[in-house]
Amino acid sequence: EDRSDKPAEAFVAFQKALALSPNYLPALEGAAQEAYRLRRPEASELVHRILTAEPGNLTANAMAGVIAYQANNCHAAVERFAKAWPILTSQATALTQYGSCLLQLGEADEAIPIFETALKNKPGDIHARQNLSLSQFRAKRYGDALDTLRPLLDAKQQPDADVFDMASAIAEAQGDTPKSVEYLRSAILAEPRNPKYYLDFASLCFDHSSFDVGVHMLDAGLTQLPDQASLYIARGVLYVQEARYEEAQADFDKAESLDRHQSFSPFAKGLMRYQQSDLDGALATVRKQLALQPSDGSAHLLLAEILIRRGAEPG
């Protein structure tokens, strides 16, 4: 009987079979598959019972991999997906989860063939292409990463902004800053109300000491997103580098008024005072920050720097 459209009824039937014969493998497999399809909590325990009886069961290993991924246990997911590989190559979702876990675990080289398989199965899948490019980028295979993105960048239909943003990161890693800037400008034009691309542009400008260029782009961003605290913080940081301290202070204050839960503007104020050699003001600011955020590593680092400049003895 076809049970594909009645998974709940099928699950109950398999459960009844298991009540009569708890270790009957076909019933275990059927119950596990239906529980998995229904996203029932019993799925994990049923799959575990199958693997105890038959550790090399490909379907059970694949299901165990997905269950582990959904539980944010990438170590277990990778182990199970590897054992299920012979049947995994045609399962797009499982391939994506397998590759994503490898990336999370810092195994970019191992993720590349996973995403290559996913893209081979669906050559027109934009997300599969982006995932492959990302894994190549993380593996420092920058030329391959850009080649993978090239069909999207050269398409007549404009790609989404994330494609340009990724291309910008790759170009910068290759040392081609002008091309990186060009791609980032394209990302901003494609999605002018996304703060991420303005922040990436500001970061690029900071890295290359092009502070004024970054300020101008953030000015443009704030015309689109006047209530975005992160853009004021970024502009304030660039103002500090230009010794425009009053304007930086105003931006940090504005960021705090817009988002009192963010913790970076108080730190930035402390850093600004430190750069102005106002050590007492910097010390008071950073200690206030640490009272609110005692595990803020950046604030602890700045406190140490301030104490050293104030003449702290070793120990």
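So which helices (runs of 4 or more DSSP H) are wholly in the stretch 230-315 and hold at least 3 residues that are of a type in the set (Asp, Glu)? Break it down into steps so the answer makes sense when it comes.
Numbers: elements: 245-258, 264-275, 279-292, 297-309.
Per the criteria, 245-258.
Of 174, 157, which residue is polar (S, T, N, Q), modelled with pLDDT under 95 and more than 27 Å from residue 244 (Cβ to Cβ)? Give the derivation first.
On the way: 174 fails: modelled with pLDDT under 95.
Answer to the selection: 157.
Can you name the condition, by its number, that residue 89 falls short on among (1) open to solvent by 20 Å² or more (accessible area, probe 1.4 Å); (2) over 22 Å from residue 134 (Cβ atoms); (3) touching a Ser or Thr at 6+ places or on another chain (Cβ under 8 Å)?
(2)
Please tell me if residue 81 is within 27 Å of residue 34 (Cα to Cα) and assigned to a helix (DSSP H, G or I). Working first, answer last.
Numbers: within 27 Å of residue 34 (Cα to Cα): yes; assigned to a helix (DSSP H, G or I): yes.
For residue 81, the condition - within 27 Å of residue 34 (Cα to Cα) and assigned to a helix (DSSP H, G or I) - is met.
Does residue 198 satisfy being at pLDDT 95 or above, in a helix (DSSP H, G or I), out of contact with any Cys (no Cβ under 8 Å at 6 or more places or on another chain) and more than 23 Å from residue 127 (Cβ to Cβ)? Steps first, answer last, please.
Details: at pLDDT 95 or above: yes; in a helix (DSSP H, G or I): yes; out of contact with any Cys (no Cβ under 8 Å at 6 or more places or on another chain): yes; more than 23 Å from residue 127 (Cβ to Cβ): yes.
Here the answer is yes, as residue 198 does meet what is asked.
Please enumerate the residues belonging to the stretch 157-196 that are without any contact (Cβ under 8 Å) to a residue 24 or more places away in the chain and among the hydrophobic types (A, V, I, L, M, F, W, C).
167, 181, 184, 189
Hey, can you tell me all the residues within the stretch 277-315 that are under 21 Å from residue 247 (Cβ atoms) and either in contact (Cβ under 8 Å) with a residue 40 or more places away in the chain or loosely packed, with under 14 Cβ neighbours inside 10 Å (or both)?
Answer for the stretch 277-315, where residues must be under 21 Å from residue 247 (Cβ atoms) and either in contact (Cβ under 8 Å) with a residue 40 or more places away in the chain or loosely packed, with under 14 Cβ neighbours inside 10 Å (or both): just 277.
Quick one: count up the residues across the stretch 92-109 that are surrounded by 18 or more Cβ atoms within 10 Å (Cβ to Cβ) and farther than 16 Å from residue 65 by Cα.
We begin by selecting, within the stretch 92-109, every residue surrounded by 18 or more Cβ atoms within 10 Å (Cβ to Cβ); these are 94-103, 107-108.
The next check asks that each one be farther than 16 Å from residue 65 by Cα; those that pass are 107-108.
The number of residues fulfilling the criteria is 2.
The values are calculated or read from the model by the stated rules, or taken from the named source; none is laboratory data. All of these numbers come straight from a predicted model, not from anything done at the bench. So basically every Cβ, Gly included, is an ideal-geometry build from the backbone, and we count neighbours across all protein chains shown. Protein only, heavy atoms only, side chains kept; ligands, DNA and RNA dropped before computing areas. Shrake-Rupley method; radii C 1.70, N 1.55, O 1.52, S 1.80 Å.
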